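The values are calculated or read from the model by the stated rules, or taken from the named source; none is laboratory data. Owing to the predicted nature of the structure, the values given are computational and were not obtained by experimental measurement. Counting neighbours? That spans all protein chains shown, and the Cβs are built from the backbone with ideal geometry, glycine included. Protein only, heavy atoms only, side chains kept; ligands, DNA and RNA dropped before computing areas. Shrake-Rupley method; radii C 1.70, N 1.55, O 1.52, S 1.80 Å.
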Amino acid sequence: MTCRSQLSAWLCLISFGLLSLFSTGCGASGGGLMAGVGVADITGPAGEVPMMGYAKASQKTAGIHIRLFARAFVFRDRFGATVAYVNVDAAMVSQMVKLRVLEILKKKFGNTYTEKNVLLSAIHTHSGPGGFHGYTLYAISTLGYMSDTFEAFSNGIASSIEQAHLSLRPARLFYNEGELNDSSVSRSPSSYLLNPAAERARYSGDVDRTMQLLKLVDGSTGEPFGMLNWFPVHCTSLNNTNQMISGDNKGWAAQLFERYMSRGAQLPGKQKFVAAFSNANEGDVSPNTAGPRCIDTGEPCDILTSTCGGRTQKCVAFGPGRDMMDSARIIGQRQFNKALSLFQSATREVQVDSISVVHQNVDMTNYELTVNGKRVRTCKPAMGFSFAAGTTDGPGGFDFTQGDTSGNLFWNIVRSVLSKPSAEQVDCQKPKPILLNTGYMSFPTQWQPSVVETQLVRIGPLTLVALPGEFTTMSGRRVRDAVRAALEQNGMPDGTVILAGLSNLYSSYIATYEEYQAQRYEAASTIYGPHTLSAYVDQFGKLARALATNASVDSGPPVPNLYNKIKSYSFITPIVYDSVGIGRNFGDVVTQPKVAYRPGDTVSASFRTGHPRNNMMLGGSFMMVQRKNSSGDWEEICNDACVETRFRWQRTNALLGHSLAHLDWDIPSCARPGTYRLLHTGWYKPVLLWQKPRQFSGATREFQVKSSSARQATGQVRDVINDMFGSGCN
């Protein structure tokens, strides 16, 4: 049974509850579990908005590679306990966004969804629009607040949860896990080696390679309808020169899986099956498996400082592909391959007796605990010099290098103009040389969070740990061990602990105490000082004990809602008007495609267009690949969310408001022969400023896609690995 409205959802719950009273066992329906899934477009503004991730304000959106989505999973036990998990195609989640999501949900569902039972986890793409943070440090690089991004994220996440809520049905869960060995490497191997040898000996490598997966099956029909997995790797296959919005390698993987499960029958974002590729303890984990090298000599970089000739800018990590797009595809495809294998072989059913959550806000700036018999505490936030050096995935600027434990006089003077750290702060943060004393900076808002959300979600024997930042590999392992030990010691043995990365808010990085001493990028970005991880291990241990014993915990201090403060600070250039010149029209084709193509070719066309921020086309598309059917009508084959299309926007003359839209379609080998065209849709802002934006569209001339000799020889119509269930494969 599937619930398609709020009324039917309640009827579904009641009927399922009555049925369970007369059933002799719970195995057929997962012990009374209900689950639902939902997906919503959160792509945001695709033109002239700084991207969030690399802290490079000049890296601005200029088109779409893969649309961004919020993928929601709602679980409810037989007692009515409910939890919502959302995998968000974003760099991270901000407290400000979560608070707005809860406001929207409260209007529709009352107190069903609160900060306690909603877990928002980001994939950590570095190719999405910024402007959704309230804390100043995270807003600076994106030129402040951007309403389009904030509203797209907030409304989209809330919509995905609403869809999942309204599609609740009897469900069964199956768990599986396995190793994925060719998709990640450590980007700070020298820091990892500082961890105790005995601890390192417990593990096979310096990154976690286990993918953990949940398979959702309809309890009535037996049909799968969802998949969730967790695997730690940065979404930095696309580097800081990319300007197209994209979910990077995890966005690739999710789309492959969803299109595979729908057999190409639905366009991305329209499918009924929802697949989420979540992150975990990815803090020091890179997808650039070819490793870093000096771009001027080809030689290895200095392993301690990630420099070449003393410069970080020359030390760059590379992926396995011929370019960054190809690397994103390869790493995404490998995650898809592993997930599909685990999904198809998942036989361990998860018996969900009940669902419970424990949530507590914590002031992380003065957390006291005992470590090795010594009383220690955390510090007010601060960023170290090596933070500005960036990483081998995205080097920083100026003369900063990783591994800096001393700083320099010039930057100390610059720092002191903003906020000179006290002797107490310097001593608390040592050996970190403080570049930004963020804990003492409050204009226009707090620069970094003081109050942090901590949360555990239990679904039967599965416990999800909501990591409030980027935990390094060993940091995540220690948290996982602490949670598992606390559960076992309090009567919950044989459970499975899952780390959900970048959840609910962003508090930068969390390195181990030992890694902190080297002050590479991850350590310099560990904002609460050397005992940050110890505090989190202690806190999550407390929550695990409360979860196992059903003990209550106080809610802790409230998190600040910085929306009203930050919304006034936006330095993103507004759209004044669009124009195409006399005798021209929006939607005119400037460059037509060729007359004929074969699979493996790329179709390209250019159009006169308006600014993509005039309308984000959420749930729609700036481009469409269309095929003429036997009746002479045009069928939609693929849109700008598809991995085989690219919508690139170019402002050719800012003064006159002229723009071009460049559309590309990589024809998959399974494309059907026939007549095709490319369609571009957009909005323009009239020169008369009081007029509202207007919609337009334009289409290319028809072109032919002919049969490929490879297809004729092999007869392969579907090859999801190579063709990603591309257009023409349905």
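Among residues other than Ala55 whose Cβ falls under 15 Å from its Cβ, what is the net charge (Lys/Arg +1, Asp/Glu -1)? Each step should come with its number before you reach the end.
Details: positive: Lys56, Lys60; negative: Asp393, Glu470, Glu522.
That sum, taken over residues with Cβ under 15 Å, equals -1.
Using Cα pairs under 8 angstrom and six or more residues apart, how large is the relative contact order of the chain, in percent?
Here the relative contact order equals 15 percent.
Please list the equivalent ellipsoid semi-axes of the stretch 588-705, computed as the square roots of five times the alpha-carbon gyration tensor eigenvalues, in descending order and whole angstrom.
Ellipsoid half-lengths, sorted descending, are 28, 14, 12 Å.
Under 12 Å from a point placed 7 Å out from the Cα of Lys108 along the Cα-to-Cβ direction: which residues of the stretch 155-196 have their backbone N that close?
Within reach of a label on Lys108: 155-167.
What ranking do 272-281, 656-665 get when scored by the average of other Cβ atoms within 10 Å per residue, highest first?
Descending packing order for the listed peptides: 272-281, 656-665.
Quick check: the distance between the Cα centres of the stretch 654-669 and the stretch 76-130, to the nearest angstrom?
A separation of 34 Å, based on Cα centres.
Ranked highest first by the average count of other Cβ atoms within 10 Å around their residues, in what order do 152-164, 242-254, 436-448 fall?
Values: 152-164: 24.9, 242-254: 27.8, 436-448: 19.3.
Most protected by this proxy first, the peptides run 242-254, 152-164, 436-448.
Helix-only estimate, please: 222 nm mean residue ellipticity of the chain, summing -39500 (n - 2.57) across DSSP H runs of length 4 or more and dividing by its residues, to the nearest 500.
The helix-only estimate for the chain comes to -7000 deg cm²/dmol at 222 nm.
Using a probe of 1.4 angstrom, how much of the accessible area of the stretch 588-705 is carbon and sulfur, in percent?
Roughly 47 percent, rounded to a whole number.
For the stretch 157-267, what % of the accessible area comes from carbon and sulfur atoms, probe 1.4 Å?
Ligands and nucleic acids excluded, carbon and sulfur reach 47 percent.
Where does each of 329-340, 642-653 land if you order them by average Cβ count within 10 Å, highest first?
Values: 329-340: 23.7, 642-653: 20.4.
Sorting 329-340, 642-653 by mean packing, highest first, produces 329-340, 642-653.
Using only alpha carbon pairs under 8 Å that are at least six residues apart, calculate the relative contact order of the stretch 588-705 and give it in whole percent. Write out the running numbers ahead of the final one.
Working: 263 pairs, mean separation 40.2, N = 118.
Once normalised by length, the contact order is 34 percent.
Anything over 23 Å Cα to Cα? Flag those among Lys430/Lys542; Lys270/Lys706; Lys594/Lys706; Lys60/Lys420, in the order listed.
Table pairs above 23 Å Cα-Cα are Lys430/Lys542; Lys270/Lys706; Lys60/Lys420.
What accessible area per residue comes out for the stretch 588-705, rounded to a whole number of Å², with a 1.4 Å probe?
Dividing the accessible area of the stretch 588-705 by its residue count gives 43 Å².
Report the local net charge at Gly407: Lys and Arg +1, Asp and Glu -1, summed over other residues whose C-beta lies under 14 Å from its C-beta.
Result for the neighbourhood of Gly407: +2.
Return the carbon/sulfur percentage of the accessible area of the stretch 445-510, one whole number, probe 1.4 Å, all protein chains in place.
Roughly 45 percent, rounded to a whole number.
So, counting K/R as plus one and D/E as minus one, what does the shell of residues with Cβ under 13 Å around Thr549 add up to? Before the final figure, lay out the partial values.
On the way: positive: Arg458, Lys542, Arg545; negative: Glu488.
The answer is +2.
Mean projection of the alpha-carbon convex hull of the chain over all orientations, in nm²?
Approximately 33.4 nm², given one-decimal rounding.
Return the Rg/Rh ratio of the stretch 475-516 with Cα-based radii and a Kirkwood Rh.
Radius of gyration over Kirkwood radius for the stretch 475-516 works out to 1.05.
Please find the FRET efficiency linking Gln704 to Tyr569, where r is the Cβ-Cβ separation and R0 is fixed at 35 Å, and quote it to the nearest 0.05.
Values: r = 53 Å, r/R0 = 1.50.
Here the calculated transfer efficiency is 0.10.
Below 8 Å, C-alpha to C-alpha, sequence gap of six or more: please give me the relative contact order for the stretch 475-608 in percent.
Details: 113 pairs, mean separation 26.4, N = 134.
Once divided by the residue count of the stretch 475-608, the mean separation gives 20 percent.
Taking every DSSP beta bridge that has both residues in the stretch 588-705, what percent is antiparallel when rounded to the nearest 5?
Antiparallel: roughly 95 percent of the beta bridges in the stretch 588-705.
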